[in-house]
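Here is the structure we will look at.
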């Protein structure tokens, strides 16, 4: 079995699609991939396949984008610059690597009517400037979907989003600090040379004023975030890291200025610029990692539908969700997402609120009860009266809460802050004492000694100890596809001794093999063709498994295709109405749950046995974790047989079956009460509350958006074998942090008394301060993935046999 | 030594120009995406037909 050239999914025997890429015929798995690959090759963009670092996504059936051409909807998302220039920002799913951005720029760039295409791959955003008269927005969105990138338009306000401003301002500050530090250093070198070889006073003063000139923008412009932070801390009466940093910057700068004016002995414009530059660099890298990992604006854009059906006196119309106001009556079809908090006005229904509560059991909502935006209607259509929209909805509130949690400083950094805060108070006291004592002993030496204490003890090493190490660890992990959403998660991961895995979707993925069909009427080939045709547009793992199983069989045309969320699909083929899904949906009266049933109005047509296939990297990852001393559990809601069969293939200490979300939660809490540090790995949908209860929550990139945001670590590439590596990095982070803090403390304990006694000349103090910061930064750079673990090539399409008898 | 009186102001002017140019570039979205443009020179610039 080989892998599809385009999407990397396995190609089943019998599938016969191929495309010519750069003169070589390459096998692909399905008509969708074939069309996408042919289109890419036809545009002359086959270099994409050489440049990409991740496999592409299989293009799903195209959703209907025509609603986006409505003026009312376009007004909110499109910014009209001139009659022939409109601008829109799209959030694009599956934009995985730089090559995807390259491909989008090339394909859309050659499209008629498109003026400009800007792709921001890390932020997954595409900015389009187009001529609305020549290119319709819905067509452009369809082009993106054809390549496998599903677009979600963002608000027009996103054009000048907060995040971009933050990003740009940080980069400007960093540039000014860097250039300023370099220049100040050059002038300082001239002064050092002068103090050894002799320099006349006017030249020395000239260079000092030059230092002042370049350090001033660094202190007044680049360091402003620290002063603003210190001011906030002062108003909140809470001493944290920004206060000592701002104090140190201000005092060193003021002292240097005073020395320059008074023609004193030493200036420190170079040290203060360098200090600011190092701190800003650490903050910048940290900010980029944060932006990359958890983006809740994106989560919200995906959770909320863009359009909905509003009922009017004369009938109904499709409107954008933003157009809804309280009091509107809306109709929500089966399988659709509720657009706004509303009250059921006609007919009861069942809803799935798993996105919000993690509880996937459908809940019944009767007349007059509330539907929460973001939940899924299982049987419909239902009519409802809108109550709250937009930012007032429960969903928006939850997103806000998660945002706040995500922007909070990790405990690790807070602790270091507090330590540094206490340290600075003591240093200030020592400085004051030094100045006072020397005033009585020898007033001429009071000022230099006080300055030496302040400079030599400058909290730089403390200030840099945690951020530099944390930043390095985050960057190293991000390169491996592990995103750190919450800094504390790393610390917990280093200590975690119990790894609890969800089974379905985390350790396994579903598989249907071509032999696993029980046809009741007709042939198995026909049954597969019908089933695959019904599942054409779905991205559900089961649908994928079915399509793979159907192989190359030509698919019949389906009309009236309907997805009923949580249940299955229905559609009409050749005049016969078919349903495909779990037993109670397709037809009543069958028993088993591990099979999909295809039925028409006359009864069951065929049954498909669903097997579970172990993820390829699961065994390796678990063996590595176990070898590392962790114990491993499986906590699953599935039945005993299946859990046991999976557990038998893995190095598992305990496996729990038939656990409800409440059981899972209780289990995690029990483990924690026993003093275990628990890491929970789940794919998100019904694991969300369980993930939140664990010491470190690890989500998968394929999980739901909100659940991802609730995780501390995200395996963006869905690769479990990155887990042992992440643990190794977390361990080395711990070690380096300890070393950094010990070093900072030892250095200060040694240097401060000497400086207070007046034995450290200010120039030596400046060198000591810079060197101690450098030691910390260089030590942090030692954090890396173990050299023995090269990036493993992605193995695609290899299956492991599963034990049949346990599954059938 | 008088040459430094000429060269240093010159270097400051150059520094200012550099900072100004960098700010201009940031404001014109040159640094928003630091990953994709790295791939641009790896491919030849062929004029492609519009998609059918």
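We did not get these values from a lab; they are worked out from the coordinates using the rules stated. Since the model is a prediction, treat every value here as computed from it, not as a measurement. Note that each Cβ is placed from the backbone with ideal geometry, even for glycine, and that neighbours are counted across all protein chains shown.
Label sites at residue A:572 and residue A:133, each approximated as a point 7 angstrom past Cα along Cα to Cβ, lie 4.2 nm apart. Take the Cβ-Cβ distance between residue A:231 and residue A:85 as r, set R0 to 41 Å, and report the resulting FRET efficiency rounded to the nearest 0.05. Computed FRET efficiency for residue A:231 and residue A:85 comes out at 0.45. Between residue A:433 and residue A:495, what is the label-to-label distance in nm when each label sits 7 Å out along the Cα-to-Cβ direction? With each label placed 7 Å out from Cα toward Cβ, I get 3.3 nm. By other beta-carbon atoms within 10 Å, ranking A:7, A:33 with the fewest at the front produces A:7, A:33.
Among A:174-184, A:570-580, A:614-624, sorting by the average number of other beta carbon atoms lying within 10 angstrom of each residue, highest first, gives A:174-184, A:614-624, A:570-580. Between residue A:781 and residue A:370, full extension at 0.36 nm per residue minus the direct alpha carbon distance yields a gain of 142.6 nm.
The mean number of Cβ atoms from other chains found within 10 Å of a Cβ in peptide A:169-175 is 3, as a whole number.
As an exercise, use a Förster radius of 45 Å and the Cβ-Cβ distance of residue A:348 and residue A:640 to find the FRET efficiency, rounded to the nearest 0.05. For R0 = 45 Å, the calculated efficiency reads 0.80.
Each label was represented as a point 7 Å from its Cα along the Cα-to-Cβ direction; for residue A:520 and residue A:18 these points are 4.1 nm apart.
Each of A:48, A:268 was scored by other Cβ atoms within 10 Å of its Cβ. Listed from fewest to most, they are A:48, A:268. Ordered by the count of other Cβ atoms within 10 Å of each Cβ, fewest first, A:91, A:483 give A:91, A:483.
Remark: mean inter-chain Cβ contacts per residue of A:43-49 equal 3, using a 10 Å Cβ-Cβ cutoff to other protein chain atoms.
Each peptide in A:487-499, A:77-89 gets a packing score, the mean of other Cβ atoms within 10 Å over its residues, and the list from highest to lowest is A:487-499, A:77-89. Taking every C-alpha pair closer than 8 Å and separated by at least 6 residues, the mean separation divided by the residue count of the range A:167-294 gives a relative contact order of 35 percent.
Highest mean packing comes first when the peptides A:464-473, A:138-147 are listed by Cβ atoms within 10 Å, giving A:464-473, A:138-147.
Averaged over the residues of A:210-219, the number of partner chain Cβ atoms lying within 10 Å of the residue Cβ comes to 1. Quick one: grab the alpha carbon gyration tensor of the range A:181-272, order the square roots of its eigenvalues as a ≥ b ≥ c, and give me rounded if a/c is under 1.5, else prolate or oblate depending on whether a/b is larger than b/c. Because a/c hits 1.5 or more and a/b exceeds b/c, the range A:181-272 counts as prolate.
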